[in-house]
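The values are calculated or read from the model by the stated rules, or taken from the named source; none is laboratory data. A quick note: this is a predicted structure, and the numbers were derived from the prediction, not measured. Every residue, glycine among them, receives a Cβ derived from its backbone with ideal geometry; neighbour counts consider all protein chains shown. Ligands, DNA and RNA are stripped out before the accessible areas are found, and what is left, the full protein with its side chains, is counted by its heavy atoms. Shrake-Rupley method; radii C 1.70, N 1.55, O 1.52, S 1.80 Å.
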Amino acid sequence: MTTLEFKPKLFSTMKTYNRKQFTTDLLAGIIVGIVALPLAIAFGIASGVTPEKGIITAIVAGLIVSLFGGSKVQIGGPTGAFIIIIYGIIQQYGFEGLTIATLLAGVFLIMFGVLHLGTIIKYIPYPIVVGFTSGIALTIFTTQIKDLLGLSMATVPSDFIEKWIAYIGAFPTIDWWSAGVGIASVAVIALWPKLTRHSAIGKLPGSLIAIILMTIAALLLKQYAGVMTIETIGDRFSISNQLPGAQVPSLTWDVIKGLVSPAITIAILGAIESLLSATVADGVIGDRHNSNTELIAQGIANLASPIFGGIPATGAIARTMTNINNGGRTPVAGIIHAAVLLLIFLFLMPLAQYIPMACLAGVLVIVSYNMSGWRSFTSILKNPKSDVIVLWVTFLLTVIFDLTIAIEVGLICACLLFMRRMAETTDVKVISDEINPEEEESDFQLGNLEHLTIPKGVEVYEINGPYFFGAGNKFEEIMGALRHHRPKVRIIRMRKVPFVDSTGIHNLTNLCLMSQAEGIQVVLSGVNPTVQAVLHKAGFDTMLGEENICSHINLALERAKQLV
């Protein structure tokens with residue numbers, strides 16, 4: 001029976017916690033809270049919701065992930081990876097549909113953790129992760145072009161290609177003041193770390209500096225130059241700093257059925273990103289996170305966030321690394337980060353209405369660039385063709401269709417290519433005269449192999465590798481090509497078969513029955529205990545006789561001599 005694995009890191013770190021660690025956690029938490037502010041606002045708006053929902057998500061999810069997570073330094077909150085999937089759900093099902101999908105995703109994430117799937121999720125092929133991450137990055141960049149350049153467009157098409165066609169058509173309407181703000185924001189964020197590398201002020205995020213500078217610039221241009229065309233958050237949204245009450249949406253079976261697929265996408269994406277972030281953090285701080293506990297915490301966070309009006313959340317790699325780089329080493333830093341965001345939300349949120357939309361677009365352009373992983377993308381292009389195919393399929397489906405289809409098809413492609421590779425690792429060879437002792441390393445202790453000649457009327461078939469459906473079909477093809485041979489005994493060597501599946505059993509059964517019908521006796525050799533237990537369940541002891549299932553080749557050849 002599966003036991004529940006839920007061991008939050010907060011409880012174990014508190015046993016040795018001290019004032020010195022609190023001081024470093026406090027500083028890290030304040031800095032991460034400041035870093036998270038512009039990102040939370042930008043992610044909220046880009047996802048199709050109001051800016052305060054992004055901050056609420058960072059507060060609620062950030063607090064819960066730090067309280068119950070399986071990593072010491074993980075920072076939870078809204079991330080760029082969710083923008084496209086959230087926007088698509090809102091367009092199709094409305095915000096209430098997103099709330100229900102997020103709640104379902106929370107349930108799925110908790111189930112992943114309870115069923116100990118944390119380690120399995122980490123084995124999702126790297127080309128799939130890079131493919132949909134790069135695809136999301138390109139899609140995020142594409143969605144920001146209108147605000148970045150201040151284009152006048154009544155509606156923006158949802159389709160990627162149609163969107164770019166519309167942008168090109170609307171290019172003459174570009175507002176050069178907004179474009180200047182957007183491009184300047186990108187420049188400030190990109191250059192800020194280089195300009196302040198050796199200064200204490202360099203700890204402040206470039207995105208926050210860009211927002212402050214561009215907001216002041218927009219206000220001055222409006223006040224003294226009469227520039228009224230720079231759109232701000234307040235022009236598009238009504239800003240509120242009121243904490244929302246808890247609300248649970250009405251759930252019906254029909255609504256739940258329609259939202260299961262996007263909910264699974266949110267859950268898988270959240271699981272992958274949070275565990276990837278925790279793994280990267282482990283390598284930096286020399287710790288080891290508990291993946292199943294982390295998934296349960298992410299699930300609880302995604303149950304709580306929508307109840308308070310938030311959106312899906314996961315572990316944020318950039319904020320987690322900021323936490324580590326500023327001395328955060330326990331979940332207390334994450335809790336302080338949530339508290340800082342709460343204070344900003346309560347007392348400074350109304351000021352967000354003056355932030356230019358072009359500036360937020362610039363923030364997301366940098367986010368999409370950092371997220372694109374173009375170096376990883378180009379390096380995979382040098383890998384085997386199968387990896388390149390999975391990469392391009394996942395990337396193009398993410399960009400042209402949507403993330404749900406990309407993940408589903410990408411996983412199917414990866415599974416099919418993996419099965420093909422597994423089939424290629426298994427080979428079947430026919431030995432008709434003598435067994436080469438130099439190839440029998442594992443059997444050297446079992447007898448004198450120099451004289452292992454195969455008696456007349458006996459054929460030996462050796463299976464090297466897993467005997468599953470791919471290899472089973474390959475073996476069946478070889479046997480079909482040799483049907484004109486009529487030996488008296490067929491020895492099937494299985495010493496290098498680690499496991500056998502139902503198709504392998506089916507093919508082996510067919511071979512035995514076909515051989516018996518032709519008067520040929522089958523003898524199995526070198527069957528390991530695991531495979532032998534499977535064959536015993538399938539009734540091979542009865543079909544062949546226990547005396548014809550031998551532990552190694554010496555006994556199998558002796559048995560063959562008796563039968564001949």
Exercise. Does Ser240 satisfy being in a helix (DSSP H, G or I) and polar (S, T, N, Q)?
Worked result: no
For this session: Inspect region 291-308 for any residue being closer than 30 Å to Pro350 by Cβ, open to solvent by less than 70 Å² (accessible area, probe 1.4 Å) and outside any helix (DSSP H, G or I) and give the result as yes or no.
Result: no
Exercise. If only one of Ala338, Ala318, Ala278 is in a helix (DSSP H, G or I) and modelled with pLDDT of 95 or more, which one is it?
Worked result: Ala338
Problem set entry | Sole exception among (1) surrounded by fewer than 19 Cβ atoms within 10 Å (Cβ to Cβ); (2) closer than 28 Å to Ile41 by Cβ for Lys385, by number | (2)
For this session: Output yes when any residue across region 424-434 is part of a loop (DSSP other than H, G, I, E, B), at pLDDT below 90 and buried (at least 18 other Cβ atoms within 10 Å of the Cβ), and no when none is.
Result: yes
For this session: Quick one: which residue in Gly182, Gly150, Gly169 is small (Gly, Ala, Ser) and under 33 Å from the mean Cα position of the chain (by Cα)?
Result: Gly182
For this session: Return the total of residues in region 515-533 being at pLDDT 90 or above and out of contact with any His (no Cβ under 7 Å at 6 or more places or on another chain).
Result: 4
Problem set entry | Single residue of Ala61, Ala28, Ala81 found to be within 13 Å of Ser305 (Cβ to Cβ), assigned to a helix (DSSP H, G or I) and either in contact (Cβ under 8 Å) with a residue 24 or more places away in the chain or open to solvent by less than 20 Å² (accessible area, probe 1.4 Å) (or both) | Ala61
Exercise. Just for region 246-263: of the residues that are in contact with a Leu (Cβ under 8 Å, 6 or more places away or on another chain) and modelled with pLDDT of 90 or more, which one is nearest to Ser71 (Cα to Cα)?
Worked result: Ala263
Seminar exercise, completed: Within region 481-524, residues being open to solvent by less than 40 Å² (accessible area, probe 1.4 Å), under 18 Å from Met543 (Cα atoms) and in contact (Cβ under 8 Å) with a residue 40 or more places away in the chain number 5
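Being assigned to a helix (DSSP H, G or I) and out of contact with any Ser or Thr (no Cβ under 9 Å at 6 or more places or on another chain), is that true of even one residue in region 354-367?
Looking through region 354-367, none of the residues is assigned to a helix (DSSP H, G or I) and out of contact with any Ser or Thr (no Cβ under 9 Å at 6 or more places or on another chain).
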For this session: Just one of (1) surrounded by fewer than 24 Cβ atoms within 10 Å (Cβ to Cβ); (2) more than 13 Å from His337 (Cα to Cα); (3) in contact with a helix residue (DSSP H, G or I) (Cβ under 6 Å, 6 or more places away or on another chain); (4) not polar (S, T, N, Q) trips up Ala42, so point out which.
Result: (1)
Exercise. Mind checking which pairs have a first residue in region 9-22 that is in contact (Cβ under 8 Å) with a residue 12 or more places away in the chain and a second that is aliphatic (A, V, I, L, M) and open to solvent by less than 100 Å² (accessible area, probe 1.4 Å), Cβ under 8 Å, 6 or more apart or different chains?
Worked result: Leu10/Leu67; Leu10/Val332; Thr13/Val332; Tyr17/Val332; Gln21/Val332; Phe22/Val332
Exercise. Which residues, taken from region 130-160, are touching a helix residue (DSSP H, G or I) at 6+ places or on another chain (Cβ under 7 Å), among the hydrophobic types (A, V, I, L, M, F, W, C) and surrounded by fewer than 20 Cβ atoms within 10 Å (Cβ to Cβ)?
Worked result: Leu138, Phe141, Met153, Val156, Phe160
Seminar exercise, completed: Ile311 passes all but one of the listed conditions (1) of a type in the set (Val, Ile, Thr); (2) within 20 Å of Ile110 (Cβ to Cβ); (3) part of a helix (DSSP H, G or I); the exception is number (3)
For this session: Given the conditions (1) closer than 16 Å to Tyr354 by Cβ; (2) under 33 Å from the mean Cα position of the chain (by Cα), report the number of the one that Thr215 does not fulfil.
Result: (2)
Exercise. For region 368-382, what are the residues that are farther than 28 Å from Gly182 by Cβ, assigned to a helix (DSSP H, G or I) and open to solvent by 30 Å² or more (accessible area, probe 1.4 Å)?
Worked result: Ser379
Exercise. What number of residues within region 161-182 are β-branched (Val, Ile, Thr), surrounded by fewer than 17 Cβ atoms within 10 Å (Cβ to Cβ) and not in a loop (DSSP other than H, G, I, E, B)?
Worked result: 4
Seminar exercise, completed: Gly88 vs (1) out of contact with any Pro (no Cβ under 7 Å at 6 or more places or on another chain); (2) open to solvent by less than 20 Å² (accessible area, probe 1.4 Å): all pass except (2)
Problem set entry | From Lys72, Lys20, Lys7, Lys15, residue being under 24 Å from the mean Cα position of the chain (by Cα), among the basic types (Lys, Arg) and surrounded by fewer than 17 Cβ atoms within 10 Å (Cβ to Cβ) | Lys7
